[in-house]
Amino acid sequence: MEPLSLSHWLTKANAGTDPVLNALKQGDETLWLNPKRSSFLKVRDQLPLTFADIVEAAARLERFATYFASVFPETEAMKGIIESPLRRADNFASVTAKQWQLPVPPQLLIKCDNSLPISGSIKARGGFYEVLLYAESLALEHDLVTLEDDYACFASEPFQTLFAQYSIVVGSTGNLGLSIGILSAKLGFKVTVHMSADARAWKKALLREKGVQVVEHQSDYSVAVAQGREEALRTPRCHFVDDEDSTSLFLGYAVAALRLKEQLKAQKVRVDTEHPLIVYLPCGVGGGPGGIAFGLKHVFGDSVHCLFAEPTHSPCMLLGMYTQLHNGISVQDIGLDNLTCADGLAVGRASAFVGKVMEPLLDGIYTVSDEHLYALVALIKDSEGLDLEPSAVAGLPGFARLMNTSAGELAALGLQGTLLNATHLVWATGGAMVPTEDMNAYYQQGTSLLHSS
């Protein structure tokens, strides 16, 4: 059945007759469960990408491990593999469960992409991967390398000379720009990052320090991406990193699922039908959480359940998937301002590519207010000693939101009777690069809100 038109949904939003649209329009925190979720085996062969694609992406990242170890000293300990730790969050789980008057979950884990080396966020996964894919293709085309060579050679002069003839362009709210900019400049590319109005000043300054051209826009993320795309089209030998539609970014993120499987195994965490894994992923345009969820479904099938988390000011993926219009509707269309402290999630129009791939795979989406995001920054710092930026804490209240839902809704997700056996995993997407004064400001605001509540 064809989705209903934009005018249909705007009429419903204006009339106040749709409870989901009302909640979004009024900025209320809400949980939406995806009615189109299906058994993974039923839809696996209909998906546009495959498990083999994820494995190929993982192999490419491994080929570049010696390059990273040779040019980024912070990656030496992991032998050039860009990966983050997985840690328990027992103190946070206890405090949050007490506040919500809920049972303490047996296992609450945090995937600390906030500490990923070089660029300090989840974007080091997909962003790095797309740049490396482009660099490798150019090097192979010009006979500078074979797939069997030691890729530490990418740091040598012939590669720098080649890449200096090419440009890379991206539009970003900040973290993707950091990842693309830092690595592209290190390889020798000419790189331009178009930054939206909400991008933090320190991110722009750091990029310029690395030799990246930064173009600032007074509009939001969608305009930054559109301007980046236009520049790339008129620039010879230029690669545009399309955050809205890139399958390369998507697969780079998906590799995380293979790594997580091994980390869970090492920590003796059981994942099966009776012991489900429930993952909470902060969502902006959708590429990062979508890619990770895609990978997780290929690794764990129906034993994993994925929920996205969005700010109440910018619930673009929830709006796009609920109306089935995807990028055909924006949060501004229903009267929201797309202004949030979670700058990495300040996206008004979701990726249609990701939304459509997620239709049969995603369990649901919930929204979090800016006030709660600030409070969570303080709470995770006090309970676990973690410095997470506001975008990165959106996944933290997920387990409480899910445990507080009805038996009927849990049954619809296949979680009735197994929720108390579940492992809850929060994806912490950024924070390590945030300047101390900025992090302190987030923390102080969060502490104030915690005390006032």
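Taking region 264-320 as the range and being among the acidic types (Asp, Glu) and either open to solvent by 10 Å² or more (accessible area, probe 1.4 Å) or assigned to a loop (DSSP other than H, G, I, E, B) (or both) as the test, the residues that pass are Asp272, Glu274, Asp302.
For the residues Val354, Val269, Val331, the requirement of being at negative phi, in contact with a strand residue (DSSP E or B) (Cβ under 8 Å, 6 or more places away or on another chain) and at pLDDT 95 or above singles out Val269.
Here's the yes/no breakdown for (1) under 15 Å from Asn175 (Cα atoms); (2) among the small types (Gly, Ala, Ser):
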site: Pro117; (1), (2): yes, no
site: Ala139; (1), (2): no, yes
site: Glu157; (1), (2): no, no
site: Ala164; (1), (2): no, yes
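Summed over region 67-112, residues that are out of contact with any strand residue (DSSP E or B) (no Cβ under 9 Å at 6 or more places or on another chain), open to solvent by less than 10 Å² (accessible area, probe 1.4 Å) and part of a loop (DSSP other than H, G, I, E, B) total 1. Pairing residues of region 1-18 that are within 13 Å of Ile334 (Cβ to Cβ) with residues that are loosely packed, with under 13 Cβ neighbours inside 10 Å and polar (S, T, N, Q), at Cβ distances under 7 Å and at least 6 apart in sequence or on separate chains, gives no pairs at all.
Within region 335-356, the set of residues being open to solvent by less than 10 Å² (accessible area, probe 1.4 Å) and of a type in the set (Val, Ile, Thr) comprises Val347, Val354.
Summed over region 178-188, residues that are in contact (Cβ under 8 Å) with a residue 40 or more places away in the chain and in contact with a helix residue (DSSP H, G or I) (Cβ under 7 Å, 6 or more places away or on another chain) total 7. Among the residues of region 357-398, those identified as over 18 Å from the mean Cα position of the chain (by Cα) and open to solvent by less than 10 Å² (accessible area, probe 1.4 Å) are Ala378, Ile380. Among the residues of region 15-29, are any under 21 Å from Phe353 (Cα atoms), open to solvent by less than 40 Å² (accessible area, probe 1.4 Å) and at pLDDT 95 or above? No: zero hits. Note on region 208-225: residues that are in a helix (DSSP H, G or I) and open to solvent by 40 Å² or more (accessible area, probe 1.4 Å) amount to 3. Consider region 154-169 and keep the residues that are in a helix (DSSP H, G or I) and in contact (Cβ under 8 Å) with a residue 24 or more places away in the chain. The one that is surrounded by the most Cβ atoms within 10 Å (Cβ to Cβ) is Phe154.
So, in region 20-48, how many residues would count as being touching a Ser or Thr at 6+ places or on another chain (Cβ under 8 Å), within 24 Å of Leu413 (Cβ to Cβ) and assigned to a loop (DSSP other than H, G, I, E, B)? Residues in region 20-48 being touching a Ser or Thr at 6+ places or on another chain (Cβ under 8 Å), within 24 Å of Leu413 (Cβ to Cβ) and assigned to a loop (DSSP other than H, G, I, E, B): 3 in total.
The values are calculated or read from the model by the stated rules, or taken from the named source; none is laboratory data. Quick caveat, the model's predicted, so the values are computed rather than measured. Cβ sites come from the backbone with ideal geometry, for glycine too, and all protein chains shown count toward neighbours. Protein only, heavy atoms only, side chains kept; ligands, DNA and RNA dropped before computing areas. Shrake-Rupley method; radii C 1.70, N 1.55, O 1.52, S 1.80 Å.
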